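The next block holds one structure in the form of structure tokens; read it before the comments.
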Amino acid sequence: MAACARQPELEETRFLNFDAESSSDALLTGWSGFERTEAGDTFSWVQSRLAVVRVQTRVDGDRLLRFRAWAFRYPQAPEQTVTLIVNGSRLESFPLDEKPRVFSAVAPAAAFHPGTNELALEFAYAEAPRDRLPGSGDVRTLAAAFDWLEVLPPA
């Protein structure tokens, strides 16, 4: 009688706090290191016009995407926007400003599939603070900062 090896159950992505403990393996491309606000909240800068997050799902179905983010802004900057793209399907765009806000979008079941999915975040611009803010030595190109991300079944 042959033994059947059981696959470990996939841990579904529900919440990423953008810190080393919960997000390191999920942030694929376009991300800077983890930082802290003055209040102690962790976040990560997107340092290009496109950033990608790995999201695990167990079953088909709609998903509610919620995130807290704010734009890198400088004098005379154009409007910063972020467009959510799941596995190549463009969902929704949001305007960002320099104050943190929570954003929500419903991703239809057709966008996600069981297993590994890619959530891409596309931005209007990414600029180096050194080039845009007098006195800054930061050479990274920054688009926006992300505090957390939730991926939930809609209520």
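The values are calculated or read from the model by the stated rules, or taken from the named source; none is laboratory data. The structure displayed is predicted, hence computed values, not measured ones. Neighbour counts run over all protein chains shown; Cβ positions are idealised from the backbone, glycine included.
Picking from residues in the range 1-24 that are closer than 23 Å to V86 by Cα and surrounded by fewer than 10 Cβ atoms within 10 Å (Cβ to Cβ), the one that is modelled with the highest pLDDT is E11.
From the list R68, R58, which residue is among the basic types (K, R) and modelled with pLDDT under 95? Before the answer, list the steps.
Values: R68 fails: modelled with pLDDT under 95.
R58 is the lone residue from the list that is among the basic types (K, R) and modelled with pLDDT under 95.
Can you tell me which residue is nearest to A111 (Cα to Cα) among those in the range 39-94 that are without any contact (Cβ under 8 Å) to a residue 60 or more places away in the chain and of a type in the set (A, V, I, L, M)? Walk me through how you get there before you give the answer.
At the first step, the residues of the range 39-94 found to be without any contact (Cβ under 8 Å) to a residue 60 or more places away in the chain are 39-40, 58-60, 73-79, 81, 83-94.
Next cut, of a type in the set (A, V, I, L, M) only: 39, 59, 77, 84-86, 91.
Values: A39: 36, V59: 12, A77: 32, L84: 11, I85: 9, V86: 6, L91: 9 Å.
Filtering the range 39-94 for residues that are without any contact (Cβ under 8 Å) to a residue 60 or more places away in the chain and of a type in the set (A, V, I, L, M), the one nearest to A111 (Cα to Cα) comes out as V86.
Once the range 30-44 is narrowed to residues that are over 16 Å from L84 (Cα atoms) and part of a strand (DSSP E or B), the residue that is modelled with the lowest pLDDT is G33.
Out of the residues in the range 107-152 that are among the aliphatic types (A, V, I, L, M) and over 18 Å from the mean Cα position of the chain (by Cα), state the one that is farthest from S23 (Cα to Cα).
Our first condition is that a residue be among the aliphatic types (A, V, I, L, M); within the range 107-152, this holds for 107, 109-111, 119-121, 124, 126, 128, 133, 139, 142-145, 149, 151-152.
Okay, now just the ones that are also over 18 Å from the mean Cα position of the chain (by Cα), so 109-110, 128, 133, 139.
Working: A109: 24, A110: 25, A128: 24, L133: 29, V139: 24 Å.
So the residue we want is L133.
Being surrounded by 15 or more Cβ atoms within 10 Å (Cβ to Cβ), out of contact with any helix residue (DSSP H, G or I) (no Cβ under 8 Å at 6 or more places or on another chain) and in contact (Cβ under 8 Å) with a residue 60 or more places away in the chain is a property that holds for L149. Output yes when any residue across the range 100-110 is of a type outside the set (S, T, N, Q), touching a residue at least 24 places away in the same chain (Cβ under 8 Å), in contact with a helix residue (DSSP H, G or I) (Cβ under 9 Å, 6 or more places away or on another chain) and more than 20 Å from S44 (Cα to Cα), and no when none is. For the range 100-110, residues of a type outside the set (S, T, N, Q), touching a residue at least 24 places away in the same chain (Cβ under 8 Å), in contact with a helix residue (DSSP H, G or I) (Cβ under 9 Å, 6 or more places away or on another chain) and more than 20 Å from S44 (Cα to Cα): absent.
Matching residues to (1) farther than 18 Å from F94 by Cβ; (2) in contact with a strand residue (DSSP E or B) (Cβ under 9 Å, 6 or more places away or on another chain); (3) of a type in the set (F, W, Y):
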| residue | (1), (2), (3) |
| --- | --- |
| R14 | yes, yes, no |
| A20 | yes, yes, no |
| V53 | no, yes, no |
| D60 | yes, no, no |
| R63 | no, yes, no |
| A69 | no, yes, no |
